[in-house]
Amino acid sequence: MPRSMIALNGPRLRRLRENLGLSQVEAAMEIGISRSMLSALETGSRRASPKIARMVANRHGLEIKQIRRG
């Protein structure tokens, strides 16, 4: 896996989405990714490219460092 991939804080992403009352399908559509990708990010089974990490962070009005794991 390329070093540029970013591990996101899955539980935090899920809480952010749920606090907005969005399903994974709705949130994924707003972000511009598939529901399966969002699910994988929330469970921690996949890392995000810098582009996807930016898209997710922007959706929540956050910086990438605020949703990184670790």
Expressed as a whole percentage, what fraction of the accessible surface of the chain belongs to carbon and sulfur atoms when a 1.4 Å probe is rolled over the protein heavy atoms? 48
Relative contact order (%) - criterion: Cα under 8 Å, at least six apart; region: region 1-58: 47
Would you mind getting the accessible area per residue of region 5-70, heavy atoms of the protein chains only, 1.4 Å probe, in Å²? 59
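The values are calculated or read from the model by the stated rules, or taken from the named source; none is laboratory data. Note that this is a predicted model, so its numbers are computed, not measured. Areas reflect the complete protein model, heavy atoms only, side chains present, ligands, DNA and RNA absent. Shrake-Rupley method; radii C 1.70, N 1.55, O 1.52, S 1.80 Å.
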